[in-house]
């Protein structure tokens, strides 16, 4: 990111800028914690990096590709193939099984279902310790189990960048530690970069680097 700014209600008397000239580099294999008080701009920052929103100004390069100026189709392609997401709320489809939820990114990308997708989803559920629950509806899983399914789903497309927006915020200490361990293992095993937004200072200290966001600015981007 170079000089990234984000404003809302642009051109109106109530225009408000929430990100002020952000410069940030995240390298392959890095596990980076993002911390800051509520309302500091962390989620806005993550939404822009995840190509869910566009900056008002500045440059954003993802996996070697400059994203400013890309049309919606190109943005969707890059996001779907290069970026994984884990949110505070797991956002699973409750009427589908754990296996089917993990398959969703692959189905969305290819437009069809094949046995290879089911095999990949099963492998990922095995890796997060949910082999026995792959056929369970998401609504019948515990909160910690649902979040582990969300981690498996985020890894389905072998992303080079994983964005985790307070993924342990609604979990007890044991479940939070388990989810963090899964993200850390995926980071080390697959070499993907991870941005981990958290209020948990203990977990943040276990990351490679901590970036502090305060009032829309980075205090320690390097």
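Does the range 132-144 include one or more residues that are in a loop (DSSP other than H, G, I, E, B) and at pLDDT below 85?
Checked against the condition, which is being in a loop (DSSP other than H, G, I, E, B) and at pLDDT below 85, the range 132-144 yields no hits at all.
Which one is modelled with the lowest pLDDT among residues in the range 58-75 that are surrounded by 14 or more Cβ atoms within 10 Å (Cβ to Cβ) and under 20 Å from residue 192 (Cβ atoms)?
63
Return the pair list, or none, for Cβ contacts closer than 8 Å from residues in the range 17-30 that are on the phi > 0 side of the Ramachandran plot and in contact (Cβ under 8 Å) with a residue 60 or more places away in the chain to residues that are assigned to a loop (DSSP other than H, G, I, E, B) and surrounded by 16 or more Cβ atoms within 10 Å (Cβ to Cβ), at least 6 apart or on different chains.
Hits for this filter: 29/192.
With respect to the numbered conditions (1) more than 24 Å from residue 152 (Cβ to Cβ); (2) surrounded by 14 or more Cβ atoms within 10 Å (Cβ to Cβ); (3) out of contact with any helix residue (DSSP H, G or I) (no Cβ under 8 Å at 6 or more places or on another chain); (4) free of Cβ contacts under 8 Å to residues at least 40 places away in the same chain, which one is the sole condition not fulfilled by residue 47?
Failing condition for residue 47: (1).
Please go through the range 58-100 and pick out each residue that is closer than 26 Å to residue 35 by Cβ and assigned to a helix (DSSP H, G or I).
79, 82
Only one of (1) over 21 Å from residue 190 (Cβ atoms); (2) surrounded by fewer than 19 Cβ atoms within 10 Å (Cβ to Cβ); (3) touching a residue at least 60 places away in the same chain (Cβ under 8 Å) fails for residue 81. Which number is that?
(1)
Output the number of residues of the range 31-44 satisfying the condition of being assigned to a loop (DSSP other than H, G, I, E, B) and in contact (Cβ under 8 Å) with a residue 40 or more places away in the chain.
The number of residues fulfilling the criteria is 4.
Would you mind stating whether residue 55 is in a loop (DSSP other than H, G, I, E, B) and either more than 22 Å from residue 213 (Cα to Cα) or modelled with pLDDT of 90 or more (or both)?
Taking the combined requirement at face value, the residue satisfies it.
Within the range 97-113, work out how many residues are surrounded by fewer than 18 Cβ atoms within 10 Å (Cβ to Cβ), modelled with pLDDT under 90 and closer than 26 Å to residue 189 by Cα.
4
Of the residues 87, 31, which is at pLDDT below 90, touching a strand residue (DSSP E or B) at 6+ places or on another chain (Cβ under 6 Å), farther than 17 Å from residue 5 by Cβ and buried (at least 18 other Cβ atoms within 10 Å of the Cβ)?
Of the residues listed, the single one that is at pLDDT below 90, touching a strand residue (DSSP E or B) at 6+ places or on another chain (Cβ under 6 Å), farther than 17 Å from residue 5 by Cβ and buried (at least 18 other Cβ atoms within 10 Å of the Cβ) is 87.
If I filter the range 126-142 down to residues being touching a residue at least 40 places away in the same chain (Cβ under 8 Å) and farther than 24 Å from residue 191 by Cα, which single residue comes out as surrounded by the fewest Cβ atoms within 10 Å (Cβ to Cβ)?
If we take residues in the range 126-142 being touching a residue at least 40 places away in the same chain (Cβ under 8 Å) and farther than 24 Å from residue 191 by Cα, then 139 is surrounded by the fewest Cβ atoms within 10 Å (Cβ to Cβ).
Could you grab the pairs with beta carbons closer than 9 Å, sequence gap of 6+ or different chains, first residue in the range 158-172 and at positive phi and in contact (Cβ under 8 Å) with a residue 60 or more places away in the chain, second one surrounded by fewer than 19 Cβ atoms within 10 Å (Cβ to Cβ) and part of a strand (DSSP E or B)?
Within 9 Å, the pairs are 166/87.
The values are calculated or read from the model by the stated rules, or taken from the named source; none is laboratory data. Predicted model, so just to flag it, every value in this text is computed and none were measured. Methodologically, a virtual Cβ is constructed for each residue, glycine included, from the backbone with ideal geometry; neighbour enumeration extends over all protein chains shown.
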